[in-house]
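A.B. asks: Below is the structure I would like to discuss, written out as structure tokens.
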Amino acid sequence: AIPYNRRPSGKPPSPILRPAYQGSNPISDVWSIHALKECTEYLPRVVENLHSDEEARSKMCLAASSAGMGFGNAGVHLCHGMSYAVASQVKGDFWVDGYQRMDCGRDNEKDSGGKHGLVPHGLSVVINAPAVFRFTGTPMSVMNDAAMSPAEEYSMDRHVECATILANARMKRRGSTAANRVISEKAMREKPGEALSNELLELMNDLNIPIGIRSL
């Protein structure tokens, strides 16, 4: 999200015209970074031991609350807005284990046999996230052979910070080997979007999350 103090429109002429969300701000950063660190550590454990790892489940409950405190004030990202198209265009036979199948309305029974596919909200958001971060992590000024603006530098720093958190969690999860290493911060800064996108894809792969909307 654009930082709260760098919005291009500046201060609105009236409080009623303020945007619904504040944009990136220091308080939301605290909650969001904490949620990201907790999720990268405990979500794989929940997936691996859904019913037996009570610590991981408890940590994920708190992480969900922390994340809500973060984006509830800052606002959500592109992949959240894109999720509605993903969920609405799901194939009729796609489903996720753990969700009860339900008959859809009469108008659709003839075409879908009374069934309708389901993409849970979290999946519909994360499925496009690697592509979104690859885009947002590539400054327009760099593509135009120009110097980055302060806002772009701020955004790139955030991409690198999140990529580093994901990379460190991957190292802890898989162990330190020649095939499993963290690229240098310098390399991340050269292509922040690629770094964050690749680390997110690694996590999605470990969690057996579908890669790309074609699989839905």
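The values are calculated or read from the model by the stated rules, or taken from the named source; none is laboratory data. Fair warning: this is a prediction, and the values are worked out from it, not measured in the lab. Methodologically, a virtual Cβ is constructed for each residue, glycine included, from the backbone with ideal geometry; neighbour enumeration extends over all protein chains shown. The accessibility values were calculated without ligands, DNA or RNA, using every heavy atom of the protein model including side chains. Shrake-Rupley method; radii C 1.70, N 1.55, O 1.52, S 1.80 Å.
A.B. asks: Please list, ordered by first then second residue, the pairs with beta carbon atoms under 7 Å, 6 or more apart or interchain, first in segment 187-213 and under 25 Å from VAL119 (Cβ atoms), second in a helix (DSSP H, G or I) and among the hydroxyl-bearing types (Ser, Thr, Tyr).
C.D. replies: These pairs meet every condition: GLY193/THR136; LEU203/THR40.
A.B. asks: Is it fair to say MET148 is of a type outside the set (Val, Ile, Thr) and part of a helix (DSSP H, G or I)?
C.D. replies: Spelling it out, it is not the case that MET148 is of a type outside the set (Val, Ile, Thr) and part of a helix (DSSP H, G or I).
A.B. asks: Moving on to the next point. Quick check: is even one residue across segment 9-28 of a type in the set (A, V, I, L, M, F, W, C), open to solvent by less than 70 Å² (accessible area, probe 1.4 Å) and free of Cβ contacts under 8 Å to residues at least 24 places away in the same chain?
C.D. replies: No: segment 9-28 contains no residue that is of a type in the set (A, V, I, L, M, F, W, C), open to solvent by less than 70 Å² (accessible area, probe 1.4 Å) and free of Cβ contacts under 8 Å to residues at least 24 places away in the same chain.
A.B. asks: Out of segment 122-145, which residues are farther than 28 Å from PRO210 by Cα and part of a helix (DSSP H, G or I)?
C.D. replies: Once the filter is applied, which keeps residues that are farther than 28 Å from PRO210 by Cα and part of a helix (DSSP H, G or I), segment 122-145 yields MET140, SER141, VAL142, MET143.
A.B. asks: Which pairs have Cβ atoms under 6 Å, sit 6 or more apart or on different chains, and link a residue in segment 143-172 that is small (Gly, Ala, Ser) to one that is modelled with pLDDT of 90 or more and in a helix (DSSP H, G or I)?
C.D. replies: ALA163/MET188; ALA163/ALA195; ALA163/LEU196; ALA163/GLU199; ALA167/GLU199; ALA169/THR40; ALA169/GLU41
A.B. asks: How many of the residues in segment 120-175 are closer than 14 Å to LEU201 by Cβ, open to solvent by less than 50 Å² (accessible area, probe 1.4 Å) and not hydrophobic (A, V, I, L, M, F, W, C)?
C.D. replies: 4
A.B. asks: Sticking with this structure for a sec: Can you tell me which residue in segment 143-174 is farthest from ARG45 (Cα to Cα), limited to those that are under 16 Å from the mean Cα position of the chain (by Cα) and among the hydroxyl-bearing types (Ser, Thr, Tyr)?
C.D. replies: The extreme case among them is SER155.
A.B. asks: Among what's in segment 46-98 and is assigned to a loop (DSSP other than H, G, I, E, B) and hydrophobic (A, V, I, L, M, F, W, C), pick the residue that is most open to solvent (accessible area, probe 1.4 Å).
C.D. replies: LEU50
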